[in-house]
Each structure stands twice: as structure tokens, then as C-alpha cells.
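Here's the structure, in C-alpha cells; my notes come after.
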Amino acid sequence: MHRFFEFDDIIHAVLQHVKSSATDLVSVAMTCSRLAGPALDILWSEQHSLAPLIMCLPEDAWEVTEDHTINLLREPTPIEWERLRINASRVRRLLTDNCEPLELQPSGRVLQRLFERFPPVRLFPNLFELDFEAAFGFLECSSKVSLLRQFLSPRLEALAFDVAGLPTHEVEQLLAALPAEAYGLRQMLILADNGAKTVTVPPSLGKLPKLMQLAIYAIDTCLTKQTINNIQQAQRLQTLHITLRGTSCDAGDIPFELPSLEILRLFGDSLPKCTHFLRQVTTRQLQLIDISYYKPARPTEISAFIESLSTSCQNSRSLKQLYLVDSSIVNGDDPAVPLPSQIFRPLFKFNELVSVVFLGIGDYNLDDRFINDVAVAWPLIQDLKFGASRRRAGCNVTFTAVMSLASRCRFLQFLHLTCDATQATIIPRAPDGANQFWPTQTALCNLHLGYSEMSEVSGVPYYLAEVFPTLSHFYWYRNAGDFEILIEAALEVARQELRAVRELRAVRGLNAL
């Protein structure tokens, strides 16, 4: 063995190149004893079920039934149990596998026997991230809380669990125990039947001293004030994800300050519920707001939401990203909600924004004056989207204004905006009246012109190819259809023509010398 492998850091760096392949890790582990431990640590570090652990026992000790359940055929020997325990001690994460469906699970009797011999905290001494449903979602509700309590330890940093079907008093007892039994938690996700039911947030939740990320699906909007008051106690909380349920909102007085909050994501059936929650919070460090709802909002409701940002975000320079998404299913024959430019103008005070994304919230009746002001208000903008809900939107923005915006915003990478490209594009002029072409912008890589009307006279492919040489994706909806049309072919032709012109100019320049 090369002496380089005497150093743990070098071994770790080498294994990073094979960690995506379980077969390769096994091969490395079998190479020599010096590499076996680190390779097996990586192999077992993340699991999605306890089935692989049970299958470490000899094949004559277990069987798989027709319903994909693992049962024990005999009692394992102490040495066989010890092999399982050693592998379990390498597990650091028990997580849901979103890519592959879970096929094998140990039976409840197998788990009972396993945890009788090795309590969970002893079996998984290095576990710091647990998605309880990933490994134990198949268990009956009556046994879930007691088993989850056995996994709680100060070493646990991330925890996700579902309280659906659990008695209220058991949920309250579980949450009340967290500050004492799992005070090292930094991330927590609480599900209530995937958001179909609500969770009451107790004051004890705010007593977790290290809690930085909290997600709750869902809370009752009638208890918004109480919920925020209890969450407020978590002084280090930086990320908050909330699903809102209920038919009414409680009355708010003075908003609560969340001093460390940087990321806020809200999902509700209507925008006013999200706005109500936002009005109950103030923060000086909020960097990202992500709002999603599935009941179409009126212009007045969208205006109220945008205005609430000024109250909630005490520091206008801190807000970097804003996302507002209408997730409702839209009938193409339904009239679109008209949204004039003045609704969005209050956002100009947040002059550090790098992402402004509105998807499906209505018909954007923007104008050239607004588009020109965007380049001044958001000089750092990288992602700007005014995406309609697969329906033709009214348009007062010219393609000339789009060219001006995209060329002036030097960091802009993604742009989704409907415009009128049926007229000849106006090239800007210098003070002496001569044409002064837009400067080359090399950041823009993705342009979606939505339901824009286009004609050849506008020269769209030529101007895009000339000004945005790195533009790789260009989309638009033709005839209000519900499919995307790529016109990269036209762009490529324009690029080839431009290359030919540039090469000809270069040759002429050399000849002149």
C-alpha cells in the first residue's frame, strides 16, 4: 500500500470519487484493512430503510415474504448481532429516498427484537439526521411515538416526522420533550397528514437553543398569532416553512420580531392568508420570501401582499429573492386578472434584489417605462420572470424595451417576459444622432418571451444573437398554444451570419494594414 494512504484526509478525498457507487465502495473495502473502515463508513452513512441492516445477518436467519416484509427465521447469534450493530454504528442519516420506491421493510416483530437487544440510541450512536417516516412510516400509529422518543438524543441535529393519526396529547408530550431530550436539534420538519391537518405549536418548541430551520405542514390560521409568538422564542431560527390551513385568520396587533430569520416560505390556499401571516412578522435579515397559493388572487390582494413586504422587511437592502406563485389550475377560457405596472412599483425600494419571480398570478399589463425603471432599481438582478398561466397576456412592452433591459442588467441570466415584437426594433442613438448598438451582454443564457406576438420585421433572432452571444435557450408560446416553441434554429442561423460578417470585417482590417 502506498504511504499516501497512511493519511486519513487523503483516503477520504480518494473515496469521494467512488462514493456514488455502492459496488465500487465494496470493492475498495475488500482491497485492504486500511481502506475497509473508511469505505464502509461512507457505504453505510446514509440509509433509507433498516432492511439492509437486517440483511447483514446470515441468509438462513431471515426471509422476505410476498408482501416484501423481512421476517426472522431464527434467533441470530451474539456474533451475528454484533456484525449488525457495527454496521448500524456507521449510519449517520436515515432519510426518505425520493428517487426509488421503498420495496423491503423489516416486520414490526423484527424491529421489536432488534430494539430489545439494542436500544435505538445505542444502535445508532452517530445518527444525526432522522426522517422517521422513511424507516418507520409503515408502523401503526400506536407504536410510533414511543419508538420515536427512543431515538431522541442530544446528538440528533435534524428530525422529520408525521403526527397524522396521533392523539393530540401524545403530540404535545412529544414536542414538549424535545428541548430536554434532543436539545441539539438544528432542523425540524413536522408533517400533519402532508398538510391536510394542522399542528398546534407549543411554547416549548421555541426553547430548542440551536434550532435554525423549522418546517410545519400545517398550522391553523386562526392561531397565527399564537404560533408566531411561540416560534419567536427560537432566537437562532433562520429558515421557516409554513403551510397555512383554516377558514379565517386571527386578529393581529403588534407584529412579532424574528431577529435571525433569513428565509420564509409560505404555502396556503389563498394569498390573503399568506399576507396575514407576513404582517405578523418583522425581521431585519430576511433574504428570501417564497409564497405559493392555489386560489386565484385579485389585484387588490396582490397589491396588499406587496405592500406588506415593506412592513415585514425592516431592512430593504437585505431582501435578495422574491417568489410569488399561483399554483391553481387555470382554464384557458377564464379571463386573466389584469395587473398594471403600478402594482409592482413598491418593490423598487428593495434595490438589492437578484431574483424576482411571478408565475401565473395574472395578466401582466406592464409598460416600457416600468421595464426601463427595472434596470435602475435592480442593477444586480439575475432572475426576472413575469410568467403567465398558459394564457395570452395583454402587452404594452416593446421588444426594444426588453433589449434595453437585458443589455443594461449585466448580471441577468434568466428572463421571462411577454412583449410586442411585431414592429421594427428601434436601435438606441448616441448624442450625435448616430446609431449606437446595445453593448454585448454575456450573462443571459435563458430567455422566455411568453405569449409575445412576433414578426420578421422585428429581427428578434438577429438582435439576440448579436447582443447575447451566450444565449442558449429561447422559448415562446405561439398562437396561445400550451406548448413551448424553441426557435434556436433561427438563432443559430443569425449567429452563423454574424460570424461570417465578423470574419469578413477581420479580413478587411488585416488587408488595410
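What size of dipole, in debye to the nearest 20, comes out for segment 114-233 about its Cα centre when the only charges are +1 on Lys and Arg C-beta atoms and -1 on Asp and Glu C-beta atoms? Could you put the intermediate results ahead of the total?
On the way: 10 positive and 12 negative charges, 81 e Å.
Roughly 400 debye for segment 114-233.
Sequence-ordered 3J(HN,Hα) estimates for segment 337-353 from the Karplus curve with 6.51, -1.76 and 1.60 and θ = phi - 60° stand at 6, x, 10, x, 4, 5, 5, 8, 4, x, 6, 5, 5, 8, 7, 9, 4 Hz, glycine and proline given as x.
Heavy-atom accessible surface of segment 98-257, averaged per residue, reaches 45 Å², computed with a 1.4 Å probe. Estimated from the Cβ-Cβ distance and a Förster radius of 22 angstrom, the FRET efficiency linking THR200 and HIS241 is about 0.80.
How large is the charge dipole for segment 218-300, taken about the Cα centre, if only the Cβ atoms of Lys, Arg (+1) and Asp, Glu (-1) carry charge, to the nearest 20 debye? Each step should come with its number before you reach the end.
Numbers: 9 positive and 7 negative charges, 29 e Å.
Magnitude of the dipole: close to 140 debye.
Annotation for SER143 and ILE427: the two label points, set 7 Å from Cα along the Cα-Cβ direction, are 7.8 nm apart.
Segment 361-430 to segment 186-246: how many Å between their Cα centroids? What the calculation gives is 38 Å, centre to centre.
Potential lengthening of the chain between PHE411 and GLN112 amounts to 101.9 nm, from the contour at 0.36 nm per residue minus the alpha-carbon distance. Note down the net charge around GLN413, summing +1 for each Lys or Arg and -1 for each Asp or Glu among other residues with Cβ under 13 Å from its Cβ. My count for the surroundings of GLN413 gives +1. For segment 424-468, applying the loop criterion from DSSP together with a ceiling of 16 other beta carbons within 10 Å to the chymotrypsin sites (Phe, Trp or Tyr not before Pro) yields PHE437.
For the pair ASP60 and ASN229, label points projected 7 Å from Cα toward Cβ lie 6.6 nm apart. The largest accessible area among ASP67, ASP41 belongs to the first residue in ASP67, ASP41, and the rest follow in falling order (1.4 Å probe, all chains).
With each label modelled as a point 7 angstrom along the Cα→C-beta vector, the ASN87-ILE254 pair spans 5.9 nm.
Rounded, prolate or oblate: pick one for segment 259-372, where a ≥ b ≥ c are the square roots of the eigenvalues of its C-alpha gyration tensor, a/c under 1.5 means rounded, and failing that, prolate if a/b is larger than b/c, else oblate.
Note, shape of segment 259-372 comes out oblate.
The values are calculated or read from the model by the stated rules, or taken from the named source; none is laboratory data. Nothing here was measured: the structure is a model prediction, and the numbers come from that model. As a convention, Cβ positions derive from the backbone with ideal geometry for all residues, glycine included, and neighbour counts pool all protein chains shown. Ligands, DNA and RNA are stripped out before the accessible areas are found, and what is left, the full protein with its side chains, is counted by its heavy atoms. Shrake-Rupley method; radii C 1.70, N 1.55, O 1.52, S 1.80 Å.
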